[in-house]
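Below: one structure, written as structure tokens.
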Amino acid sequence: MKYKVLLFLYLVFLVVMITVPLGTTILSDTYVFKLRLDHLVHVLVFAPLVVLWRLGFPRHSVWKIVGVGVILAVGLEGVQYLLPYRSGNVSDAVANIVGVGLSGSGLAFLNK
């Protein structure tokens, strides 16, 4: 039950973060290991999705969770694209998908 609550709070956090107007940030101008810092943040923000979902719903397959996670990752970026005060783009959506994919792959590897 507690993992379902954590998953719910995490999803609320994601929705709030993509809909709240943010000021200018320096994340897109900062690089870490030749990668934009904002892309690393996208990966890290979406990585817990698969783990929390799997803990909350252990009967769901990892790959089904990853599939829904990819749809969510792209969909939330699409919502940002539609909001006049936010900007969604393909590279951010790819970073979201990488976060979902990495955590899904890691979880699948650990379940073997």
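The numbers here are math on the coordinates, done by the rules we state, and not lab data. Just so we're clear, the structure is a prediction, and the values are computed from it rather than from any experiment. Here the Cβ positions follow ideal geometry from the backbone for every residue, glycine too, while neighbour counts run over all protein chains shown.
Percent of C-alpha pairs per 10 Å bin in the chain, short distances first: 14, 44, 31, 10, 0. Rounded to the nearest 20 debye, the dipole size of the chain about its Cα centre is 520 debye, using +1 on the Cβ of Lys and Arg and -1 on the Cβ of Asp and Glu. Counted by neighbouring Cβ atoms within 10 Å, the residues Phe46, Phe109 run from fewest to most as Phe109, Phe46. Only helices enter the 222 nm calculation for the chain: every DSSP H run of n ≥ 4 contributes -39,500 (n - 2.57), and dividing by all residues gives -23500 deg cm²/dmol, rounded to 500.
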